[in-house]
């Protein structure tokens, strides 16, 4: 975390598509050429990609409880 204004996690990373080809037909996190993080299936021109992080079950349970109200 070298920039305190933009904290990052070392346990989560994006991949260079020229080094690690992205999987096709699944939702991914991607960085577009303008530097914006987007979610979707692979699109040519994206400069980096990564898998979506897992949501803890406790958070899923809390969200589900709120939807039921």
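For region 7-21, which residues satisfy the criterion of being exposed (fewer than 12 other Cβ atoms within 10 Å of the Cβ) and under 13 Å from the mean Cα position of the chain (by Cα)?
8, 9, 11, 12, 13
Matching residues to (1) closer than 24 Å to residue 10 by Cα; (2) within 16 Å of the chain's Cα centre (by Cα); (3) in a helix (DSSP H, G or I):
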{"residue": "23", "(1), (2), (3)": "yes, yes, no"}
{"residue": "29", "(1), (2), (3)": "yes, yes, no"}
{"residue": "35", "(1), (2), (3)": "yes, yes, no"}
{"residue": "42", "(1), (2), (3)": "yes, yes, no"}
{"residue": "45", "(1), (2), (3)": "no, no, no"}
{"residue": "53", "(1), (2), (3)": "yes, yes, no"}
{"residue": "64", "(1), (2), (3)": "no, no, yes"}
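Residue 47 - would you say it is surrounded by fewer than 10 Cβ atoms within 10 Å (Cβ to Cβ) and at pLDDT 95 or above?
no
The values are calculated or read from the model by the stated rules, or taken from the named source; none is laboratory data. Computed from a predicted model, the values in this text were never measured in an experiment. Here Cβ is always computed from backbone atoms with ideal geometry, including for glycine, and neighbour counts include all displayed protein chains.
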